[in-house]
Every structure is written in C-alpha cells, then in structure tokens.
1. In Å and from the alpha-carbon atoms only, list the Rg and Dmax of the stretch 127-239.
2. Order by neighbour count: Met205, Met266, fewest other Cβ atoms within 10 Å first, most last.
3. If you take every residue apart from Phe71 with its C-beta less than 13 Å away from the C-beta of Phe71, what net charge results, scoring Lys and Arg +1 and Asp and Glu -1?
4. Restricting things to alpha carbons, tell me how big the stretch 36-130 is in terms of Rg and Dmax, in Å.
5. What list do you get for Tyr267, Tyr242 if you sort them by fewest beta carbons within 10 Å?
6. Using a Gaussian network model of the chain whose springs link C-alpha atoms within less than 10 Å, name the residue from Asn30, Asn82, Asn335 with the highest mean-square fluctuation.
7. Starting from the Kirkwood radius over alpha-carbon pairs of the chain, derive D by Stokes-Einstein at 20 °C in a medium of 1.002 mPa s and give it in µm² s⁻¹.
8. Does the stretch 1-63 classify as rounded, prolate or oblate by the C-alpha gyration tensor (a ≥ b ≥ c root eigenvalues; a/c under 1.5 gives rounded; else a/b over b/c gives prolate, otherwise oblate)?
Amino acid sequence: MNFAPKINAYFDFLKFCLNDKAAIPHSIQNLDWEGLYQFGKEQTILGILYHGIEKLSESPYKPDTAIVMKFYVFHQQVMKANKQVYEDAARITKTFKKKYGINTCVMKGQANALMYPDPWSRNPGDIDLWTDTETIDIIKLARKYDAKAEIGYHHIQVELVKTPVEIHYFPSFMGNLFYEYRMRKFFEKNKEAQFKNRKELPDNMGYINGLTKDFDRIFQLSHLMHHFFFEGIGLRQMLDYYYLLRQGFTDTEKAETIKTLKHLNMYKFATAVMYIMKEDLGLEDKYLLMKPNKRIGKILEREIVLSGNFGFHDERFKFGGKSVYSQYFLEMYRNLHFAIDFPSETVWGRPISRWWHMIYKAWLRHKIKE
C-alpha cells in the first residue's frame with residue numbers, strides 16, 4: 001500500500017482482527033485509535049475491529065478505556081441491529097412461503113453474516129431477497145404491501161418489516177448487455193438450487209435460504225464489480241467475499257468458477273479482488289481463486305480507501321441528491337478513469353445499458369397497470 005502510514009496501520013490492524021493466530025502488528029504502537037474508529041465507521045466494519053480490540057485485553061498496547069467503550073457501544077448496536085434483521089429475514093421467508101407459496105433466498109446481508117466467526121459482528125444493511133416468481137407478479141405483490149414501492153432495474157424496494165427490503169427479479173447485472181445476457185443465463189441455469197439451500201439462524205431464530213457457495217462466488221463478485229463502477233465499493237463487501245472464499249472449494253470447483261468468470265468477462269476484475277484478499281486482508285493462497293494482479297489491485301485498493309461503503313464518503317464524486325441524468329454523466333466521467341482496463345464496461349457497456357435500464361423500468365411500470 002502506498003497510503004499515509006496511519007492508513008497502512010489501519011490495514012495492519014484489520015488483518016490482525018481477521019486472524020486469531022496473527023501477532024500484534026508493530027504499527028499498533030503509534031495507532032491513531034480515533035482515526036481507526038472513523039475509518040471503521042466509513043467502511044462499516046466497526047464490529048470486526050472491535051474483535052481485534054478484545055484480543056488486546058492483556059496487551060500493553062490496548063487503547064484507553066474511553067476508546068474501548070466507544071467501540072463497545074457501537075458493537076452492541078451492531079448486535080442489536082443484527083437481531084432485528086435476522087428476525088425480519090426469517091419472518092419474510094416464512095410469510096412468503098406459507099401465505100403465497102413463494103420460495104425465497106436471502107442474498108448478501110444476513111446470509112453473509114452467517115459465514116463470519118461471530119454471526120453478530122457484521123454491520124447489517126437491508127434484506128436482499130430473490131424469489132422464484134415472475135417479475136410482474138412480484139412487483140404487484142410488493143405494491144400491495146407498499147403502494148409507493150420504488151421499481152428498480154433488477155429489484156423493487158419495499159417496506160415489509162422494520163428492515164428495508166429489496167425484492168430481486170434477478171440477483172445482479174453487468175454494465176455490458178452482452179455479458180449481462182450471459183450472466184442471466186447462468187442465474188437461470190442454477191436458480192432452483194438456491195431456494196433449497198436452507199440455513200439455520202443463530203439462537204433458534206428460524207431459517208432462511210441462502211446461495212450455494214459456487215453460485216455465491218460469482219454473484220458476490222458481480223456485486224463488487226457493479227459497485228466498483230457505480231458509486232464505489234468498501235471493505236465490508238470485501239470482507240464478505242473474504243469469508244466466502246474461506247468456506248473453501250475443491251480444485252474442480254475452483255476451475256469451474258474461473259471458467260464462469262472468464263465467460264462473464266469478470267476474470268480481470270477478479271484478479272484485482274484477489275490482490276485485496278491477499279495483501280490487505282491476509283487471505284492464505286489456498287483460498288485465492290487465481291494469481292492476484294498487483295497493478296489493477298492497487299487501483300481497486302485506492303478506490304476502496306477513497307470511497308468508503310458504497311461511495312458514501314467519496315469526496316470526489318457525489319451521486320446522492322442528483323437527478324438521473326446528472327448521475328449518468330457523473331458515472332460516465334468517473335468510469336473513464338478505468339476505460340483502459342475495462343473498456344467493455346466503461347466504453348461499450350454502461351453508457352448504453354443505462355438507457356436500456358430506463359426503458360425497461362418504464363415498461364415494467366406500464367405492465368403492472370394492465
């Protein structure tokens with residue numbers, strides 16, 4: 001990393017948090033704990049950082065009581081929020097199945113939290129729900145619950161429970177329509193198994209269905225790639241992928257994942273993600289999908305640090321509050337920085353697909369009125 005020493009120290013501490021066998025990093029002697037707290041807040045990883053502070057209970061380098069309490073209070077808030085989201089995810093899963101006969105699958109979010117050593121430590125967000133129902137039918141159902149539910153390109157945002165919910169028509173999409181077509185074929189081919197992959201929630205809170213590991217390796221990487229080109233990506237999403245890869249895979253499964261990534265034109269981006277996994281998070285080589293690409297990985301690393309969670313803290317590009325057209329031109333300008341390495345997304349992809357998205361959403365709004 002070529003950042004300021006204090007940023008490097010934050011990453012050193014993060015690797016210490018992730019590895020229970022790791023030695024205390026030397027950089028901890030001069031660690032800016034207030035700065036670490038702000039860094040963790042921007043990246044939405046304070047729950048993970050608190051685990052590292054707990055490991056320092058007998059260390060002479062542990063932070064003072066005020067700092068410990070600051071992290072502790074936030075960690076308690078994270079645990080409370082996780083409890084609510086787990087309950088809501090289980091409730092929706094049960095309601096959709098019993099009341100409507102609809103199978104559901106929770107993507108990202110609480111499904112990812114279950115892969116963490118402490119299933120209460122991940123900063124929770126909304127609930128991303130994929131169903132086995134036709135797009136128009138699920139939109140009409142969502143509108144019954146929430147008449148103002150916002151129709152997006154691949155999901156509809158709806159108020160069903162206390163936690164915000166996004167009901168997906170399909171899991172993710174690409175900026176390039178040709179590769180999105182291939183991705184949609186992949187989703188459809190492997191769809192059935194995702195609604196049968198039952199996962200028990202902690203403390204007997206019920207169950208959800210979650211993505212299978214082979215499917216998830218593709219889906220979550222597509223999610224990372226999408227947000228890299230739109231708004232920005234943060235460390236919480238990288239940690240999700242870190243813990244997914246730590247679930248392991250056989251040589252055959254690894255080869256199949258690589259084949260699919262190449263087919264969907266995500267392989268180059270995956271090499272950058274592997275750089276983050278290895279260099280910034282300390283993932284062992286046996287869990288890497290391929291050899292990391294340092295040059296592109298450094299580009300991704302820089303965007304993570306400057307953007308924060310979903311670009312909310314990016315001082316260079318502010319998407320919030322802008323019109324659709326303003327966002328469009330800002331996104332195109334931002335992505336020109338990546339045009340040499342990713343032309344299919346930045347030149348031949350998103351400038352065209354964004355117009356298709358608007359047309360498709362207009363068609364959906366028209367169809368539900370019929």
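Bear in mind that the values in this text are calculations on the coordinates, not laboratory data. Quick caveat: nothing in here was measured; it's all calculated off a predicted structure. Positions of Cβ are generated from backbone atoms using ideal geometry, with glycine treated the same way; all protein chains shown enter the neighbour counts.
1. Final numbers for Rg and Dmax: 14.9, 44 Å.
2. Met205, Met266
3. +1
4. Cα-based Rg and Dmax for the stretch 36-130 come out at 16.4, 58 Å.
5. By the 10 Å Cβ count, ascending: Tyr267, Tyr242.
6. Asn30
7. In µm²/s, the coefficient rounds to 99.
8. rounded
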